[in-house]
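One structure is given below, encoded as structure tokens.
None of the figures in this text is laboratory data; all of them are computed from the coordinates on show. Just so you know, these numbers come straight off a predicted model, no measurement behind them. Here the Cβ positions follow ideal geometry from the backbone for every residue, glycine too, while neighbour counts run over all protein chains shown.
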Protein chains: 2
Amino acid sequence: MSGSARAVLDAESRATRDDHDALRLWLRLLATTLSVEAVVRQRLQARFSTTLARFDYLAQLERVPQGLRMRELSERLMVTGGNVTGLTDALASEGHVVRDPDPDDRRAFRVRLTPAGRRAFRAMAGEHEAWIVELFTGLSAHELAQLRALLGRIKRQVRATGGTI
Amino acid sequence: MSGSARAVLDAESRATRDDHDALRLWLRLLATTLSVEAVVRQRLQARFSTTLARFDYLAQLERVPQGLRMRELSERLMVTGGNVTGLTDALASEGHVVRDPDPDDRRAFRVRLTPAGRRAFRAMAGEHEAWIVELFTGLSAHELAQLRALLGRIKRQVRATGGTI
């Protein structure tokens, strides 16, 4: 694609000079996130024949040896319960997760990684981290920290105002 | 939720202190984007009974009076052709878009906004911009510009390396 006269068009291509600075920033934030995600999706498929949704699911469970309730998992993944149920079915049939009755709530289930699921995740996570380091390689440690701090302030603001419609 | 001892958990909650700075930044970038998107989704539904996918679709068309080919639209929206076909069917049945044969390619179609679609989009876009300004209000003009520049460098790096698996 380099050297091509064809413009790169993406989620940001609808921005115009008239748009407010905040809107232009949001469109760039969205386009940047989507472009990183697209590379990660493509590589997870090519290297591990898996999806980003499955990878994110395993990543959340990996931090919590005792497992998570389905509802907690939905919240952390920011997806609906229906999606989590479908992913759980798929990953359980592959032997990567198991569902146990929740000791604190007889009507609920907890999901946790199996040893095979943990091994599979760790293999993917090692490569995933290397991809991310590669994609963010243009920024210095200082710039990474600066960006992280600015994004943290947006995140807090969104949490503070987000609930009010 | 304010005053609650319950930790806020999201896409970033899987980050640990051991993770590489680039990975921690990526998880924050993802969590920030998802949190803004969640507010926008919720408000589009509450105010206009519409989805983010439809809003983004109309936003891309609004910049291009002569319309876009389905494939161009897929690229800009960063979604698959199947999704664009489904969205086009839904928006056409509401009278917001029309499909015309492409004058440059008899096997292809172009999609463009109808006047009603343009009016509907503009009403939504005005409120959408106000929401984004509100959500990003914690940052100064200088910080918005700084963030935009840093994200632009990541986006370029991703484009430069993304194609290679």
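Annotations for the structure displayed:
- Closest approach to the axis - chain A beta-carbon, rotation onto B, Å: A:Thr33, 2
- Dipole magnitude of segment B:42-165 about its Cα centre (Cβ charges: Lys, Arg +1; Asp, Glu -1), debye to nearest 20: 260
- Gyration tensor verdict on segment B:27-69 (Cα atoms; rounded if a/c is under 1.5, prolate if a/b is larger than b/c, oblate otherwise): oblate
- Distances, shortest first, from the label point of A:Ser93 to those at the same position in the other copies read 2.9 nm; the point lies 7 Å along Cα to C-beta.
- Options B:Phe121, B:Ser74, B:Val133, ranked by Cα towards positive dipole end of segment B:57-165, top entry (Cβ charges): B:Ser74
- Inter-label distance for B:Met78 and B:Arg156, nm, one decimal - labels placed 7 Å from Cα along Cα-to-Cβ: 1.8
- Residues with amide H under 5 Å from that of A:Val97, placed H, sequence gap 5 or more: A:Ala92, A:Thr114
- Label spacing, shortest first and in nm, from A:Arg63 to its equivalents in the remaining copies (7 angstrom along Cα→Cβ): 3.5
- Prolate/oblate/rounded call for segment B:67-165, Cα gyration tensor, a/c under 1.5 rounded: oblate
- Per-residue HN-Hα couplings for segment A:47-59 [Karplus 6.51, -1.76, 1.60; θ = phi - 60°; Hz; x = Gly/Pro]: 8, 10, 6, 10, 9, 5, 4, 5, 4, 4, 4, 4, 4
- Spatial separation of Cα centroids for segment B:57-136 and segment A:50-77, in angstrom: 34
- Comment: the Cα-to-Cβ extended label point of A:Arg119, at 7 Å, lies 6.4 nm from its counterparts in the other copies, nearest first.
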